[in-house]
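A quick write-up on the structure given underneath.
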Amino acid sequence: MILVFKGRGWVVAASAIGAGVLCAVLDIRDPRWFWPVVGLSGVVDHQLGRHLAHQPGELVQDPDTGAVTELRPVHTFFWLPLTYWLYIKLALAAAFVYIAAGR
């Protein structure tokens, strides 16, 4: 599987894996508990994305025109900003809990 990320977008996958490891350490095997923990790992993504969005960029001047622009780093995972992944993970977790409860 190929992961597509820019900047610190890798944190989305790392936080989900970390949540899975936490569930393994705490011996949480019931999917009705496992998936909400993985879904809540999106809080880490959201907070980090907000923090990184407010960092100052680098000012660059075009030598030809003299125009000054600010370059800000981009942090995305599969072309979506880090702050969106909280809602995506929560929606996926809700869907998986619904599926697991329906058995």
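Some observations on this one:
- Evaluation of ILE17 against (1) surrounded by fewer than 13 Cβ atoms within 10 Å (Cβ to Cβ); (2) over 12 Å from the mean Cα position of the chain (by Cα) (one fails), failing number: (2)
- From the list VAL11, VAL68, VAL4, the one residue that fits, being closer than 24 Å to ALA94 by Cβ and of a type in the set (A, V, I, L, M), is VAL11.
- Yes/no for ASP62 being under 18 Å from LEU92 (Cα atoms), more than 17 Å from the chain's Cα centre (by Cα) and loosely packed, with under 12 Cβ neighbours inside 10 Å: no
- Test: residue in region 55-68 that is in contact with an Asp or Glu (Cβ under 6 Å, 6 or more places away or on another chain) and not aromatic (Phe, Trp, Tyr): yes
- The residues of region 20-53 that are surrounded by 18 or more Cβ atoms within 10 Å (Cβ to Cβ) and either outside any helix (DSSP H, G or I) or small (Gly, Ala, Ser) (or both), listed by number, are GLY39, SER41, GLY42, GLY49.
- The listed residue being touching a Cys at 6+ places or on another chain (Cβ under 7 Å) and without any contact (Cβ under 8 Å) to a residue 60 or more places away in the chain, out of VAL37, VAL43, VAL60: VAL37
Laboratory data are not the source of any read-out in this text; all were calculated from the coordinates shown. Quick caveat, the model's predicted, so the values are computed rather than measured. Note that each Cβ is placed from the backbone with ideal geometry, even for glycine, and that neighbours are counted across all protein chains shown.
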